[in-house]
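Let me begin by presenting the structure, written as structure tokens, before commenting on it.
Bear in mind that the values in this text are calculations on the coordinates, not laboratory data. Here the structure is a predicted model, which means the values were calculated and not measured. Positions of Cβ are backbone-derived with ideal geometry, glycine not excepted, and every protein chain shown enters the neighbour counts.
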Amino acid sequence: MKETNKTIDVSRFEEEVRVFAPATVANMICGFDVLGFAVHEPGDEIIMRRSEKPGVRLLNITGDEGRLPKDPNKNTVSACAEMLLKDLGLSDKVGLEIELHKHMPIGSGLGSSAASTVGGLYATNEILGKPLTKPELLPYCIEGERLACGHPHADNVGPALFGGITLIRGEAIKPDLIQLPTPEKLHASIIFPQVDVPTRDARQLIKEKVKLKDAVVQWGNIAGLVAGLYREDYALITRSMKDVLIEPTRAILIPQFEEMKKIALSEGAMSFGISGSGPSVVAMSTKMETAEKISSAIQKHLQEQDIDFFAYVSKVNTEGPKRL
Ligand code: HSE
């Protein structure tokens with residue numbers, strides 16, 4: 001990225017910031033690579049302090065079971081902070097020390113790398129007195145995703161940064177990001193059955209060619225979902241949140257997928273599908289009570305099958321990252 005011409009006001013610099021950045025449900029079931037929404041939990045916590053010595057240092061990572069790179073040039077949080085400092089012409093003037101506390105599973109289909117990337121960039125921008133707007137931060141977030149998983153995409157970082165439901169269209173690096181309305185009643189029950197499905201592998205499984213008749217159904221569903229969100233038409237949202245293209249291929253990687261789907265729908269879910277590239281799954285509903293009932297029923301089933309899991313129930317998070 002090239003140097004920005006932002007004016008930096010050092011009197012606005014802060015000594016320390018603590019930030020929460022949310023997990024996200026990419027694809028929103030029918031919108032492969034173009035839709036996504038943020039949730040209130042889980043998410044990442046980032047603590048960032050200014051230090052005398054210029055440069056970015058990654059002091060501590062917790063909650064990752066040793067899986068994330070500790071090299072500050074390879075870890076998305078520190079690498080993105082460095083990228084932003086460089087573009088602002090501050091690399092040799094500002095020192096940053098970072099702690100990353102992962103409060104969410106990695107390789108789960110919940111946008112773990114996006115939460116870290118967005119949290120790190122949001123914290124860097126806050127500590128520097130907010131020189132950049134959220135739209136200006138987005139290209140850095142997309143670069144962070146490229147670094148973390150080799151695939152520059154915005155369907156996780158978009159909602160993680162802006163909150164709510166986002167639509168991504170156009171080029172990977174400089175996409176249009178459209179914030180869609182979030183109907184008040186939407187709730188998500190998320191279950192992460194503990195098997196590892198790296199995004200890279202889950203993408204390799206997908207067929208390169210799809211049948212035109214399936215594509216027509218899918219783009220009708222995406223358009224129907226977007227219209228349903230604008231009209232707050234829950235029946236249209238329900239009919240539209242179906243994935244005929246990707247789910248049939250990817251569901252085989254997820255233990256008990258069909259059983260969980262059956263349970264969710266019988267407990268009153270509007271829809272059920274894969275979160276991002278999986279193995280997390282998501283059931284949507286219109287009431288917290290229903291969302292919790294769905295979650296409990298699926299949890300009970302997984303316990304009977306001896307499958308470990310994490311479960312979260314959340315409304316759509318319309319705020320995105322926030323100061324703690
Ligand atoms: N849209 C991506 C996929 C999500 O389904 O592979 C990865 O973040």
**Request:** Mind pulling the per residue volume of the convex hull built on the Cα atoms of the range 248-324? Å³ is fine.
**Result:** 118
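Given only helices, namely DSSP H runs of n ≥ 4 each adding -39500 (n - 2.57), what is the per-residue ellipticity at 222 nm of the chain, to the nearest 500 deg cm²/dmol? Intermediate values should be presented prior to the final figure.
Details: 10 runs with 114 residues, N = 324.
Rounded to the nearest 500, the figure is -11000 deg cm²/dmol.
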**Prompt:** Which value, in debye to the nearest 20, gives the size of the charge dipole of the range 187-315 about its Cα centre, when Lys and Arg are +1 and Asp and Glu are -1 at the Cβ?
**Reply:** 520
**Request:** Treating only the Cβ atoms of Lys and Arg (+1) and Asp and Glu (-1) as charged, compute the dipole magnitude of the chain about its Cα centre; round to the nearest 20 debye.
**Result:** 600
**Prompt:** Where does the chain land on the Kirkwood hydrodynamic radius, alpha-carbon pairs, in angstrom?
**Reply:** 19.9
**Request:** Name the residue farthest towards the positive end of the dipole of the range 187-315 from the options Gln218, Gly268, Phe310, assuming +1 on Cβ of Lys and Arg, -1 on Cβ of Asp and Glu, about the Cα centre.
**Result:** Gln218
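Which loop-located trypsin sites (Lys or Arg not before Pro) does the range 93-165 contain, where loop means any DSSP state but H, G, I, E or B and the Cβ has at most 11 other Cβ atoms within 10 Å? Kindly include the intermediate steps, with their values, before the conclusion.
Numbers: sites: Lys93, Lys102, Arg146; in loops: Lys93.
For trypsin sites (Lys or Arg not before Pro) across the range 93-165 that sit outside H, G, I, E and B with at most 11 neighbouring Cβ atoms in 10 Å, the list reads Lys93.
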**Request:** Would you list which aspartates and glutamates come within 13 Å of Lys315, measuring only between C-alpha atoms, while excluding same-chain residues fewer than 8 positions from it?
**Result:** Glu41, Glu184, Glu289, Glu292
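Based on DSSP H assignment, which helices of the chain show an axial Cα extent of at least 20 Å together with a mean Kyte-Doolittle hydropathy greater than or equal to 0.5?
Numbers: long enough: 112-127 (22 Å, 0.31); 134-149 (22 Å, -0.07); 212-231 (28 Å, 0.58); 288-304 (24 Å, -0.74).
The qualifying helices are 212-231.
Tell me, in nm to one decimal, what length is gained between Arg67 and Glu232 on full extension, where the rule is 0.36 nm per residue of separation less the Cα-Cα distance?
On the way: separation 165, 0.36 × 165 = 59.40 nm, distance 4.11 nm.
Full extension of this stretch gives 55.3 nm more.
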**Fill in**
Restricting to aspartates and glutamates and to Cα separations under 16 Å from Lys130, and discarding same-chain partners fewer than 8 apart, the set is Asp9, Glu14, Glu15, Glu16, Glu82, Asp87
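Only counting other Cβ atoms within 10 Å, I'd like Val25, Val34 sorted with the fewest neighbours first. Write out the running numbers ahead of the final one.
Working: Val25 30, Val34 22.
Placing the least packed residue first, the sequence is Val34, Val25.
Within the range 130-189, which GluC sites (Glu not before Pro) sit in a loop by DSSP and count at most 15 neighbouring Cβ atoms inside 10 Å?
On the way: sites: Glu136, Glu143, Glu145, Glu171, Glu184; in loops: Glu171, Glu184.
Hits after loop and neighbour filter: Glu171, Glu184.
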**Message:** Exceeding 27 Å between C-alpha atoms, which entries from my cross-link table qualify? They are Lys134/Lys211; Lys211/Lys293; Lys102/Lys322.
**Reply:** Lys134/Lys211; Lys211/Lys293
**Request:** Please sort by residue number the GluC sites (Glu not before Pro) in the range 1-104 whose DSSP state is loop and whose Cβ has at most 10 other Cβ atoms within 10 Å.
**Result:** Glu3, Glu15, Glu52, Glu65
**Item:** Furthest towards positive pole of dipole, Pro42, Gly95, Ala154, structure part the chain, Cβ charges
**Value:** Ala154
